[in-house]
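Reading through the structure tokens given below for one structure.
Read-outs: derived from the displayed coordinates by stated rules, not from any lab. Quick caveat: nothing in here was measured; it's all calculated off a predicted structure. Heads up, the Cβs are rebuilt from the backbone with ideal geometry, glycines too, and the neighbour counts pull from every protein chain shown.
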Amino acid sequence: MLTEGHRLAAESEHEVVDALRRSLQGDVIDRGHPEYEQARRVWNGLIDRHPAVVARCASTADVVEAVRVARTHRPVVTIRGGGHQVAGSAVRDDGLVVDLSGMKGVHVDPTSRTARAQAGVTWGELDRATQLFGLATPGGEVSLTGIAGLTLGGGMGLLQRRFGLSCDNVRSIEIVTADGVVRTASRQQHPDLFWGARGGGRGLGVVTSFEFDLHPLGPEVATAQVLYPYEDAEAVLRAFRDVAAAAPETVSPELALFSIPPDPDVPEELHWSKVVLVAGVYAGPSDEADEALAPLRNLGSPLTDLSGPRRYVEVQSDLDDLVPDGIRAYMKSHFVDELSDRAIATIVACDADRPTPLSLIVIRTLGGAIARVGPDESAYPHRSATYNVSVDAFWDDPALDAAAIGWARSAWDAMTPFSTGGVYVNFSGLDDEADQLRAAVLGSNQGRLDRIRADYDPDGVFEAAAHAP
């Protein structure tokens with residue numbers, strides 16, 4: 001719950017705007033500003049909120065000033081990096097948005113194999129910079145996604161079994177805490193902040209930059225991408241289960257029940273038809289990939305096989321056109337230890353009711369490097385799970401809101417009996433569902449994270465962010 005001080009802030013929003021304009025070098029966008037309509041939007045078109053002001057920070061110094069104003073005037077504070085987070089917690093009605101989207105600096109050190117990137121950078125921008133040197137760090141599967149939100153919540157991706165989650169590859173962060181102090185957090189400095197920032201989500205402060213470890217990969221990678229008949233879904237899923245269990249850590253197998261969009265590489269008669277998509281990237285030299293990827297290409301009789309060598313940056317941007325800015329989105333997921341025959345039948349039955357062609361159910365294989373990190377070594381607790389099953393509703397027409405959200409929620413409910421009880425914070429519905437899922441997101445790490453937040457923000461400056469997924 002927000003405090004009385006937070007609720008009263010709307011009455012003095014002009015004071016907040018004036019204080020920000022006196023302090024920031026970046027733009028201060030209030031309700032009367034010509035860019036307000038664009039500035040209040042986030043990627044998810046389902047989110048339609050009207051903050052009092054957007055502080056578009058140009059530097060860490062601007063962030064310090066925005067936090068100082070927030071500490072003095074106590075508006076509801078939210079933080080936006082890339083603005084791609086599904087739940088919409090980057091904006092709140094009548095609040096102050098600390099907007100980092102203009103902070104785009106990236107520096108790659110190929111000798112130390114590290115990259116320092118500011119919090120407004122997207123995965124596509126980071127990948128382009130690191131791939132100049134044949135290096136990569138694990139990122140998301142849509143290049144438009146911001147590095148900040150994905151990493152702070154964990155960070156699943158196509159390289160996760162080989163190199164771990166995005167948060168596992170963070171060497172240090174720069175963070176502005178509620179007292180306005182700029183701190184560097186790492187295993188040696190402020191290790192409690194560093195622990196919480198790796199998978200604990202938001203609310204510790206404003207992370208202004210990340211230092212990532214990089215790994216040799218690319219520019220070209222070997223890929224498997226195979227479409228199987230939808231009527232064979234249960235059989236393909238059972239075969240996938242066996243192959244995923246035996247896969248080397250260099251592959252993170254994925255399966256999606258999906259409707260294939262128009263693609264020149266796909267026969268025209270398959271466009272928008274339901275299919276089973278199986279995919280994987282070999283996280284190693286392309287000339288060593290055939291044996292590891294072959295099982296994904298032999299789960300049944302393929303409709304078409306698009307496997308082959310591709311540029312890593314292209315693989316990472318494959319889904320961008322399907323989920324453009326403004327699309328309406330609702331996603332929920334479960335961690336699952338076993339894909340039993342009954343679980344598989346439930347997944348297929350849920351998918352049969354999928355209300356829009358852009359919606360899908362995705363199974364991501366975990367384990368490997370993810371599981372080698374202990375559940376209490378970072379705030380991300382879901383280390384032992386074998387799979388993540390994500391129910392992803394996407395649609396354009398607002399008239400479909402109830403049907404799309406209802407389908408995702410009912411499918412998620414149907415999968416609950418097969419779940420570990422854990423929920424991935426980046427796929428956890430809308431931010432008004434955050435409190436009821438908090439224990440599922442953080443598990444046994446919840447108490448420790450709450451204590452760290454209280455230590456660094458005793459007055460609740462970032463209380464709204466802390467209660468967002």
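Reported count of residues in the range 314-360, each being over 19 Å from the mean Cα position of the chain (by Cα) and touching a residue at least 60 places away in the same chain (Cβ under 8 Å), is 17. Within the option set D397, D431, D401, being farther than 26 Å from D341 by Cβ, among the acidic types (D, E) and surrounded by 17 or more Cβ atoms within 10 Å (Cβ to Cβ) holds for one residue only, D431.
Looking at (1) out of contact with any Gly (no Cβ under 7 Å at 6 or more places or on another chain); (2) farther than 30 Å from R71 by Cβ; (3) among the hydroxyl-bearing types (S, T, Y), find the lone condition where S428 falls short. Unmet condition: (2).
The listed residues are F163, F212, and the only one of them that is touching a residue at least 40 places away in the same chain (Cβ under 8 Å) and farther than 24 Å from G83 by Cα turns out to be F163. Being among the polar types (S, T, N, Q) and buried (at least 20 other Cβ atoms within 10 Å of the Cβ) holds for only one residue in S410, S419, S340, S359, and it is S359.
For the range 318-331, the set of residues classified as touching a helix residue (DSSP H, G or I) at 6+ places or on another chain (Cβ under 9 Å) and surrounded by fewer than 18 Cβ atoms within 10 Å (Cβ to Cβ) consists of D320 only. Of the helices (runs of 4 or more DSSP H) contained entirely in the range 126-210, those carrying at least 3 residues that are touching a Gly at 6+ places or on another chain (Cβ under 6 Å) and either among the aromatic types (F, W, Y) or crowded, with 24+ Cβ neighbours inside 10 Å (or both) fall at 147-152. Among the residues of the range 328-342, are any assigned to a helix (DSSP H, G or I) and touching a Pro at 6+ places or on another chain (Cβ under 8 Å)? Looking for residues that are assigned to a helix (DSSP H, G or I) and touching a Pro at 6+ places or on another chain (Cβ under 8 Å), one finds none in the range 328-342, hence no. Scanning the range 88-121 for residues that are farther than 23 Å from R31 by Cα and within 17 Å of the chain's Cα centre (by Cα) turns up A117, Q118, A119, V121.
In the range 383-394, the residue that is surrounded by the most Cβ atoms within 10 Å (Cβ to Cβ) out of those that are of a type outside the set (S, T, Y) and more than 18 Å from T346 (Cα to Cα) is R383. Which of the residues that make up the range 254-308 are within 23 Å of F394 (Cα to Cα), in contact (Cβ under 8 Å) with a residue 40 or more places away in the chain and part of a helix (DSSP H, G or I)? Of everything in the range 254-308, just one residue is within 23 Å of F394 (Cα to Cα), in contact (Cβ under 8 Å) with a residue 40 or more places away in the chain and part of a helix (DSSP H, G or I), namely L270. Listed by position, the helices (runs of 4 or more DSSP H) enclosed by the range 352-456 that each have at least 2 residues that are touching a Pro at 6+ places or on another chain (Cβ under 8 Å) and not charged (D, E, K, R) are 401-415, 434-442. Considering only residues in the range 365-382 that are buried (at least 22 other Cβ atoms within 10 Å of the Cβ) and under 20 Å from L442 (Cβ atoms), the one that is nearest to the chain's Cα centre (by Cα) turns out to be Y380.
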